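Data first, discussion second: the structure below is written as structure tokens.
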Amino acid sequence: MEDRIQRKVLGFQTRAVHTGNEIDKDTGAIKRPITMANSYALPYDPSELNWSSAGKNLYTRNGGSNQQYLQEKIASLEGGEDCVVLASGVAALSGLFFALLQSGDHVIFSSVTYIAVYRQLNELFNHKFGVETTIADTSDLEAVKKAIRPNTKLIHIETPGNPTLSISDIKAIAKIAHEHGILLSVDNTFASPYNQRPIELGADFSVESLTKYINGHGDAMGGSITGKKQYLDIIRTQSQVNLGGAISPFNAWLIMRGAVTLPLRMKQHNENALKVARYLETVPEVRFVVYPGLKSHPGHEVAKGQMNPGYGGVLSFGLKADHDTHNRFVSNLRIVTSAVSLGHDESLIVFLGENDERQYLYPEEFHDGFFRFSVGIEDAEDIIEDLKQAIAITFKHNN
């Protein structure tokens, strides 16, 4: 099957089903088995082996079978030359930064990013390793240009951004970066490769938290970096083998299973989130709602150009209410679950209060507390009805 996949350009859904899969030669099973071994048979003379080599069946920290199968699938879905899969999305992000950056290098990164990126680039890499960093509003191309220095090595953006759903123009930033000999990495987790493929838009790297949409079932952790082999080989050796960020065979197998239904699930996430966002715009008790699929979103036109066929399943909104009322609203929900993460089959909501240390980087409407809402694949009507009844109970109590 893999030979046929490589010889012909097939549709996204077909590649999601077939890439990385093959009939097991030992059992005849039509799905790849889980190979839980942490060690593999050595050649006749192992003395000449490089014990830090990556991607070979030597020791699972160097690379295991299930990891390799998953890497084939993710590279195909992202439209990239090569892929490395690691233990989590944060392992992928830190693995990328650790392998590419040296003391004295300069990094520009989005003002709205996952908290681990903020921690790594605003604190750890510069304090521990002497990497210079600049936070920039990457939705503003002029701000990106102004932040560039002679020693800028990498621009890292997140679009849509977590948690404000800010949109950055991947193609335009890639052009700016490459004109200055700078690499561009994009955290694509909120979009997934179904909706957005940064490599095809000119980025050098696409980073995913596989834990989220690509796995889709809330039961496994993993992360991926897709890009050119010349860089991925460095990342494998330094961040997988020598830092030990390897994914477990079981998690790789679970994510491989989940990825098969990614296109089907994303269609539902896209459709549901748009319906929920449009509903929330009509609710008098809602202070604001932000979703790239809404015409009211300041980055809607850019998102429409680079996100296709949809805008993902995450939105943010706030109520015309105080801190405690936001929490009471969540306690009144019956279908939507109060929990972190996103991209699960079920809808998840988390209240982010007024004391986030990064709030100075957010638009003003986010300063009084808000929800990050990962809309699941339940019936949209049931999700909306749950929001309606929770709002009714919450604000009746207030009155």
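Applying the selection to region 70-97, what residues are in contact (Cβ under 8 Å) with a residue 60 or more places away in the chain, outside any strand (DSSP E or B) and not aliphatic (A, V, I, L, M)?
So in region 70-97, the residues in contact (Cβ under 8 Å) with a residue 60 or more places away in the chain come out as 70-96.
With the extra rule that they be outside any strand (DSSP E or B), the set shrinks to 70-81, 87-96.
Within region 70-97, Gln71, Glu72, Lys73, Ser76, Glu78, Gly79, Gly80, Glu81, Ser88, Gly89, Ser94, Gly95 meet the criteria.
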Among residues of region 189-220, those that are farther than 13 Å from Gly79 by Cα and either β-branched (Val, Ile, Thr) or touching a strand residue (DSSP E or B) at 6+ places or on another chain (Cβ under 8 Å) (or both), counted:
7
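Among the residues of region 216-230, are any farther than 18 Å from His156 by Cβ, acidic (Asp, Glu) and out of contact with any Phe, Trp or Tyr (no Cβ under 9 Å at 6 or more places or on another chain)?
Taking region 216-230 as the starting set, the residues that turn out to be farther than 18 Å from His156 by Cβ are 216-222, 229-230.
Add one more test, that the residue is acidic (Asp, Glu), and what stays is 219.
Subset that is out of contact with any Phe, Trp or Tyr (no Cβ under 9 Å at 6 or more places or on another chain): 219.
Checked region 216-230: at least one residue is farther than 18 Å from His156 by Cβ, acidic (Asp, Glu) and out of contact with any Phe, Trp or Tyr (no Cβ under 9 Å at 6 or more places or on another chain).
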Count, please, the residues in region 357-383 that happen to be of a type in the set (A, V, I, L, M) and either at pLDDT below 95 or surrounded by fewer than 16 Cβ atoms within 10 Å (Cβ to Cβ) (or both).
1
Any pair with Cβ under 7 angstrom, 6 or more apart, that starts in region 388-399 at a residue that is under 10 Å from Arg328 (Cα atoms) and among the aliphatic types (A, V, I, L, M) and ends at one that is at pLDDT 90 or above and surrounded by 14 or more Cβ atoms within 10 Å (Cβ to Cβ):
Ala390/Phe329; Ala390/Asn332; Ala390/Leu333; Ile391/Val283; Ile391/Glu285; Ile391/Phe329; Ile393/Asn332
Any residue in region 256-279 that's within 13 Å of Ile377 (Cβ to Cβ) and in contact (Cβ under 8 Å) with a residue 24 or more places away in the chain: show its pairings with residues that are of a type in the set (S, T, N, Q) and surrounded by 21 or more Cβ atoms within 10 Å (Cβ to Cβ) at Cβ separation under 6 Å, as long as the two are six or more apart or on different chains.
Gly258/Asn215; Met266/Ser192
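From the list Tyr279, Tyr311, Tyr291, pick out the single residue that is surrounded by 16 or more Cβ atoms within 10 Å (Cβ to Cβ) and out of contact with any Gly (no Cβ under 9 Å at 6 or more places or on another chain).
Working: Tyr311 fails: out of contact with any Gly (no Cβ under 9 Å at 6 or more places or on another chain); Tyr291 fails: out of contact with any Gly (no Cβ under 9 Å at 6 or more places or on another chain).
Residue meeting the stated conditions: Tyr279.
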Does Gly305 satisfy the criteria of being more than 13 Å from Tyr194 (Cβ to Cβ), of a type outside the set (Lys, Arg), surrounded by fewer than 18 Cβ atoms within 10 Å (Cβ to Cβ) and within 22 Å of the chain's Cα centre (by Cα)?
yes
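Considering only region 228-247, I want to know if a residue exists there that is farther than 19 Å from Ala54 by Cβ, buried (at least 17 other Cβ atoms within 10 Å of the Cβ) and among the hydrophobic types (A, V, I, L, M, F, W, C). Steps first, answer last, please.
Of region 228-247, the ones farther than 19 Å from Ala54 by Cβ are none.
Checking region 228-247: not a single residue is farther than 19 Å from Ala54 by Cβ, buried (at least 17 other Cβ atoms within 10 Å of the Cβ) and among the hydrophobic types (A, V, I, L, M, F, W, C).
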Out of Ser206, Ser168, Ser185, Ser224, report the one residue that is farther than 23 Å from Ala87 by Cα and in contact (Cβ under 8 Å) with a residue 24 or more places away in the chain.
Ser168
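Considering only residues of region 34-56 that are in contact with a strand residue (DSSP E or B) (Cβ under 9 Å, 6 or more places away or on another chain), in contact (Cβ under 8 Å) with a residue 12 or more places away in the chain and assigned to a loop (DSSP other than H, G, I, E, B), which is surrounded by the most Cβ atoms within 10 Å (Cβ to Cβ)?
Filtering region 34-56 down to residues in contact with a strand residue (DSSP E or B) (Cβ under 9 Å, 6 or more places away or on another chain) leaves 38-40, 51, 54-55.
Checking which are in contact (Cβ under 8 Å) with a residue 12 or more places away in the chain leaves us with 38-40, 54-55.
Those left that are additionally assigned to a loop (DSSP other than H, G, I, E, B): 38, 40, 54-55.
Working: Asn38: 12, Tyr40: 15, Ala54: 22, Gly55: 18.
For region 34-56, the residue satisfying everything is Ala54.
Does region 258-295 hold any residues that are among the polar types (S, T, N, Q) and touching an Asp or Glu at 6+ places or on another chain (Cβ under 8 Å), and which are they?
The answer is Asn272, and nothing else.
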Extreme residue, farthest from Gly218 (Cα to Cα), among residues of region 231-260 that are out of contact with any helix residue (DSSP H, G or I) (no Cβ under 6 Å at 6 or more places or on another chain) and part of a loop (DSSP other than H, G, I, E, B):
Asn242
Which count do you get for residues in region 333-383 that are under 29 Å from Thr261 (Cβ atoms), part of a loop (DSSP other than H, G, I, E, B) and without any contact (Cβ under 8 Å) to a residue 24 or more places away in the chain?
3
Verdict on Asn398 being closer than 21 Å to Tyr118 by Cα, surrounded by fewer than 16 Cβ atoms within 10 Å (Cβ to Cβ) and modelled with pLDDT under 95
no
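Would you point out the residue of region 1-33, among those that are in a helix (DSSP H, G or I) and within 14 Å of Val260 (Cβ to Cβ), that is modelled with the lowest pLDDT? Explain how you work it out, then say what you get.
Initially, region 1-33 is screened for residues in a helix (DSSP H, G or I), giving 2-7, 12-18.
Right, trim to within 14 Å of Val260 (Cβ to Cβ) and you get 5, 12-18.
On the way: Ile5: 48, Phe12: 95, Gln13: 94, Thr14: 95, Arg15: 95, Ala16: 96, Val17: 95, His18: 95.
Only one residue tops the list, namely Ile5.
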I'd like the residue in region 314-332 that is in contact with a strand residue (DSSP E or B) (Cβ under 8 Å, 6 or more places away or on another chain), in contact (Cβ under 8 Å) with a residue 40 or more places away in the chain and not hydrophobic (A, V, I, L, M, F, W, C) and, out of all such residues, is surrounded by the fewest Cβ atoms within 10 Å (Cβ to Cβ).
Thr325
Pull up region 266-276, narrow it to residues that are within 19 Å of the chain's Cα centre (by Cα) and either buried (at least 24 other Cβ atoms within 10 Å of the Cβ) or of a type in the set (A, V, I, L, M, F, W, C) (or both), then point me to the one that is farthest from Ser192 (Cα to Cα).
Ala273
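The values are calculated or read from the model by the stated rules, or taken from the named source; none is laboratory data. Computed from a predicted model, the values in this text were never measured in an experiment. We place every Cβ from the backbone using ideal geometry, glycine too, and count neighbours over all the protein chains shown.
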